[in-house]
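Asks: A single structure is presented below for examination.
The values are calculated or read from the model by the stated rules, or taken from the named source; none is laboratory data. Only a predicted model underlies this, so the values are computations on that prediction, with no experimental measurement involved. In this analysis, Cβ positions are derived from the backbone assuming ideal geometry, glycine residues included, and neighbour counts consider all displayed protein chains.
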Amino acid sequence: MSFLPYAVAGWLFLVGLYGIVTSRNLIHLVVCLTVVQASTYVLLLAIGYRDDATAPIFADISTSRPVVDPVVATLTLTDVVVEATVAALLLSLAVQAHRRFGTLDPDELGALRG
Amino acid sequence: MSRRLRLVVFGLGAAGLAALFVWGFAELPHFGDFDGAYGQLLADLTVPERHATSAVAVSTFDFRGLDTLGEEFILFTAAVGVLVLLRGQRAGETVAAEPIRAHHPTAESRTLRSVSVALAAPVLVLGAYVVAHGHLTPGGGFQGGVVLMTALLLVYLGGTHLRVGGMRPLTGMEAAEGAGAAGFALIGLGGIVLAASFLENFLPFGTTGNLISGGVIPLLNVSVGFEVMGALLVVIGELLDQRFLIRRGDQ
């Protein structure tokens, strides 16, 4: 079925979003955000795929072989780096929140802040 | 908003979003049917014009090198952001972050210690290999930098936290991070000075398939490798320091 990889991307997005909405812990929330971001990798790589094509690495194949799109792979690489940095920043914010308010539950943080 | 109400609102929104996804995905080209001319062009130019064999590395570091420069500075800025957030907080502490029992190994388990020490050197070699062969095979500075970071982290895990407070190898990591980011920009400037434009190749391309080939791409890979390794270790080191702080706060 040619639709399935896109559906997987959509499902990852929604399931990660569900985790964020219901999260009771900031660390868990950051992990859920990385699940949402994983959906973009799946979508990008799925879009660039060609039937019967191989990876765009010509070290041991002829340059005439059909290959999948190298641009989406490059974009995915950027995506992964951005995800890691966003996660790092959010985790340090979670550390801050825990030290200041003594809790990691987003609901209690909201209550403290009014 | 109560949790139940929030779930209901989310359920409605998610259902709408799912419907939009189905609608949108149905209009996308069928999986495996992609017909983008740009990527194909880059793949076709990789070997004849750049003498490298990894089309992904060539589009990352050459055809789209400016994007990668921006990406590298995102990483740099984020690491600096983590430092500012976590160190600023520590400024109020009377004692610098250091382990509670500095002279004891942090890893209580002998197995953990021996396995991580035994793994460190092979992982380091693997990381250097992945960085060095970025223009030939899958890999490169980003991937190899993460592997290098793991090697140093294994030393940390298997050894002691001893140096976290004293000598601080983290200072060296900050230097590695800065050098990596600056190196990328300097190689880009070299393109202006020695060739026609920013990030343009100014070295001979060499023979396709050789370790030294592809012009400046291997150099860019090495600088990204340092940058990634340094930035990740700085971030992880800061988060580990926090752990000591928090534990001391509990006592």
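Asks: A:ASP107 versus (1) within 14 Å of the chain's Cα centre (by Cα); (2) acidic (Asp, Glu); (3) surrounded by fewer than 16 Cβ atoms within 10 Å (Cβ to Cβ): which is the lone unmet condition?
Replies: Going through (1) within 14 Å of the chain's Cα centre (by Cα); (2) acidic (Asp, Glu); (3) surrounded by fewer than 16 Cβ atoms within 10 Å (Cβ to Cβ) one by one, A:ASP107 breaks only (1).
Asks: Another question about this same structure. For residues that are surrounded by fewer than 18 Cβ atoms within 10 Å (Cβ to Cβ) and facing another protein chain (nearest Cβ under 9 Å), scanning just the range A:25-55, find the one that is nearest to the chain's Cα centre (by Cα).
Replies: A:TYR49
Quick grid of which residues meet (1) crowded, with 21+ Cβ neighbours inside 10 Å; (2) without any contact (Cβ under 8 Å) to a residue 60 or more places away in the chain; (3) more than 12 Å from chain A (Cβ to nearest Cβ):
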residue	(1), (2), (3)
B:SER197	no, yes, yes
B:GLU200	no, yes, yes
B:GLY206	no, no, yes
B:ASN210	no, yes, no
B:PRO218	yes, no, yes
B:VAL224	yes, no, no
B:VAL228	yes, no, no
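Asks: Considering only the range A:1-113, give the helices (runs of 4 or more DSSP H) lying wholly within it that have at least 1 residues that are closer than 30 Å to B:THR46 by Cβ and touching a Ser or Thr at 6+ places or on another chain (Cβ under 7 Å). Before the answer, list the steps.
Replies: On the way: elements: A:4-22, A:26-47, A:70-101, A:106-113.
Ranges flagged: A:4-22, A:26-47, A:70-101.
Asks: Separate question: Which count do you get for residues in the range A:56-104 that are facing another protein chain (nearest Cβ under 7 Å), closer than 30 Å to B:PHE63 by Cα, surrounded by fewer than 17 Cβ atoms within 10 Å (Cβ to Cβ) and in contact with a helix residue (DSSP H, G or I) (Cβ under 8 Å, 6 or more places away or on another chain)?
Replies: Number satisfying all stated conditions: 2.
Asks: Just to be sure I understand, how many residues within the range B:1-29 are at the interface with chain A (Cβ under 7 Å from one of its Cβ atoms), under 27 Å from A:ILE47 (Cβ atoms) and either touching a residue at least 12 places away in the same chain (Cβ under 8 Å) or of a type outside the set (A, V, I, L, M, F, W, C) (or both)?
Replies: So the answer is 0.
Asks: Can you work out which of the residues in the range B:42-51 that are assigned to a helix (DSSP H, G or I) and either of a type in the set (Ser, Thr, Tyr) or more than 7 Å from every other protein chain (Cβ to nearest Cβ) (or both) is surrounded by the fewest Cβ atoms within 10 Å (Cβ to Cβ)? Don't jump to the end; show me each part of the working.
Replies: If we filter the range B:42-51 for residues that are assigned to a helix (DSSP H, G or I), which is where we start, we get B:42-50.
Next cut, either of a type in the set (Ser, Thr, Tyr) or more than 7 Å from every other protein chain (Cβ to nearest Cβ) (or both) only: B:44-46, B:48-50.
On the way: B:ASP44: 14, B:LEU45: 15, B:THR46: 29, B:PRO48: 9, B:GLU49: 14, B:ARG50: 25.
Taking the candidates together, the pick is B:PRO48.
Asks: When you go through B:GLY39, B:GLY32, B:GLY70, B:GLY81 one by one, which is the residue that is at the interface with chain A (Cβ under 8 Å from one of its Cβ atoms), surrounded by fewer than 20 Cβ atoms within 10 Å (Cβ to Cβ) and under 26 Å from the mean Cα position of the chain (by Cα)? Give the steps one after another, and end with the answer.
Replies: Numbers: B:GLY39 fails: surrounded by fewer than 20 Cβ atoms within 10 Å (Cβ to Cβ); B:GLY32 fails: under 26 Å from the mean Cα position of the chain (by Cα); B:GLY70 fails: at the interface with chain A (Cβ under 8 Å from one of its Cβ atoms).
Exactly one of B:GLY39, B:GLY32, B:GLY70, B:GLY81 is at the interface with chain A (Cβ under 8 Å from one of its Cβ atoms), surrounded by fewer than 20 Cβ atoms within 10 Å (Cβ to Cβ) and under 26 Å from the mean Cα position of the chain (by Cα), namely B:GLY81.
Asks: Considering only residues that are at pLDDT below 90 and either small (Gly, Ala, Ser) or at positive phi (or both), which ones fall in the range A:60-83?
Replies: A:SER62, A:SER64
Asks: If the Cβ limit is 6 Å and pairs must be 6+ apart or interchain, which residue in the range B:123-137 that is within 13 Å of chain A (Cβ to nearest Cβ) and buried (at least 19 other Cβ atoms within 10 Å of the Cβ) pairs with which residue that is modelled with pLDDT under 95 and in a loop (DSSP other than H, G, I, E, B)?
Replies: Pairs found: B:HIS133/B:GLY139; B:GLY134/B:GLY140; B:HIS135/B:ALA52; B:HIS135/B:GLY214; B:LEU136/A:ALA59; B:LEU136/B:THR53.
Asks: Is it true that A:ALA94 is at pLDDT 85 or above, of a type outside the set (S, T, N, Q) and within 22 Å of the chain's Cα centre (by Cα)?
Replies: Spelling it out, A:ALA94 is indeed at pLDDT 85 or above, of a type outside the set (S, T, N, Q) and within 22 Å of the chain's Cα centre (by Cα).
Asks: Then there is this: Kindly indicate whether B:VAL193 is assigned to a helix (DSSP H, G or I) and at pLDDT 85 or above.
Replies: Numbers: assigned to a helix (DSSP H, G or I): yes; at pLDDT 85 or above: yes.
Yes.
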